[in-house]
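In what follows, a single structure is set out as structure tokens and then discussed.
The values are calculated or read from the model by the stated rules, or taken from the named source; none is laboratory data. Values in this document were obtained by computation on a predicted structure and should not be read as measured data. Cβ atoms come from the backbone with ideal geometry, glycine included; neighbour counts cover every protein chain shown.
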Amino acid sequence: MGLWDKIKGEFIDIIAWTDDTRDTMVHRFERYDNEIKYGAKLIVREGQAAVFINEGQLADVFQPGTYELVTGNLPILSTLKGWKYGFESPFKAEVYFVSTRRFTDLKWGTKNPIMLRDPEFGPLRIRAFGTYAIRVSDPAAFIREVVGTDGRFTSDEITGQLRNMIVTRFTDVIGESNLAALDMAANYEELGEFVAERIRPGFADYGLELTRLLVENISLPPAVEEALDKRTSMGVIGNLGAYTQYQAAQAMEKAAENPGGTAAGGMGMGMGFAMANQMGQAYQQQQQAPPQSAPPPVPRQAHYHVAAGGESTGPYDLGALRQQAQSGDLTRETLVWKDGMAQWQPAGEVAELSSVFGSTPPPLPPQ
């Protein structure tokens, strides 16, 4: 083998990357200072993209496929290096492989409780957590905005920033939705989709796409959960008197299993059983008590139609008719009618309207 053949063999002629990890997003192809041979093969597999960097400047981006690295396949790099008429000598360029597959089961959650005003419980604190999935949609932007010169970039290096973005948007959505805490469980899917739509533009700035966001759980403070459990238990118990008697019977059974404490426990058992009977009787009396009769409905005030100028006006209640009588618009000869009357009658002949005109004073005595 000649000297040229030995040197030629040191040049890289196949550029490829196989990933055996689940968290590597970007891998820099290591050349050990060797140059890339003219006409070398570039193999980009499905779920990958290859980015060429020349002297710190982003050049060409290759999608999945097999390429022969010649001037025609490196338009931007050829322009940057000033290859006007092609080249056949080795060249140097940094090659970054970007994984474009989905990175799933990434965790998000609230570090601190979210303060909100619940329509049922009032001021409340809640916690939430879930998972999300991302993929690199723009390899060039991802290299430029996030990776930089990192030779091996993993998902753990960016999930902290992404988690903060999700929690911030989620807090805004929860605060604006005015959903009751007990109704959120029925809206997990809708919340996840709505929050994802709000976050996607921020992810796109990093060259990333948010493909899925799931809300797994929204929890209340322990004190509130304990109160809800007690409230649920009371609803399950139902008949309080029967439940109390059952508890007393259980206590009697336990006392019978302890012969040594029969004398001391018998008194307590008797008192408990008596109290249980009293509570049960009181509960039964309360259930058997006749319901309190409701007051009769308030009688409706009569409304009359008034004939004025050959047309029907109204209807008016007695207060309005009294004001018309005082102003002279309503006289005893004015025709009126209400529902139930056979025909129009003068107001002075309707007994119910006698109070509208007031009493007529007697004639003055002669002087």
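Look at E94 and say whether it is in contact (Cβ under 8 Å) with a residue 40 or more places away in the chain and in contact with a strand residue (DSSP E or B) (Cβ under 9 Å, 6 or more places away or on another chain). Give the steps one after another, and end with the answer.
Details: in contact (Cβ under 8 Å) with a residue 40 or more places away in the chain: yes; in contact with a strand residue (DSSP E or B) (Cβ under 9 Å, 6 or more places away or on another chain): yes.
Considered against the rule, which asks whether it is in contact (Cβ under 8 Å) with a residue 40 or more places away in the chain and in contact with a strand residue (DSSP E or B) (Cβ under 9 Å, 6 or more places away or on another chain), E94 comes out as yes.
In the set R169, R163, R200, which member is within 12 Å of the chain's Cα centre (by Cα), of a type in the set (K, R) and modelled with pLDDT of 80 or more?
Selected residue: R169, the only one of R169, R163, R200 that is within 12 Å of the chain's Cα centre (by Cα), of a type in the set (K, R) and modelled with pLDDT of 80 or more.
Test of understanding: among E176, E145, E190, which residue is of a type in the set (D, E) and closer than 16 Å to L213 by Cα?
E190
When the residues of segment 343-358 are narrowed to those that are surrounded by fewer than 13 Cβ atoms within 10 Å (Cβ to Cβ) and polar (S, T, N, Q), which ends up farthest from Y316 (Cα to Cα)?
The selected residue is Q343.
So that you can scan it fast, the table gives a plain yes or no per residue for (1) surrounded by 16 or more Cβ atoms within 10 Å (Cβ to Cβ); (2) assigned by TED's automatic domain parsing to the domain that holds G202; (3) of a type in the set (V, I, T):
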site: A93; (1), (2), (3): yes, no, no
site: T110; (1), (2), (3): yes, yes, yes
site: I134; (1), (2), (3): yes, yes, yes
site: R144; (1), (2), (3): no, yes, no
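Pick from E193, E209: which is at pLDDT 90 or above, within 30 Å of R101 (Cα to Cα) and under 18 Å from the mean Cα position of the chain (by Cα)?
Of E193, E209, the one residue that is at pLDDT 90 or above, within 30 Å of R101 (Cα to Cα) and under 18 Å from the mean Cα position of the chain (by Cα) is E193.
Could you tell me which of the residues V215, V224 is β-branched (V, I, T), in contact with a strand residue (DSSP E or B) (Cβ under 9 Å, 6 or more places away or on another chain), outside any helix (DSSP H, G or I) and modelled with pLDDT of 65 or more? Can you show your working first?
On the way: V224 fails: outside any helix (DSSP H, G or I).
Exactly one of V215, V224 is β-branched (V, I, T), in contact with a strand residue (DSSP E or B) (Cβ under 9 Å, 6 or more places away or on another chain), outside any helix (DSSP H, G or I) and modelled with pLDDT of 65 or more, namely V215.
Can you report the number of residues in segment 71-116 which are on the phi > 0 side of the Ramachandran plot and acidic (D, E)?
Adding up the residues that qualify gives 1.
What number of residues in segment 328-342 are more than 16 Å from G314 (Cβ to Cβ) and surrounded by fewer than 10 Cβ atoms within 10 Å (Cβ to Cβ)?
The number of residues fulfilling the criteria is 3.
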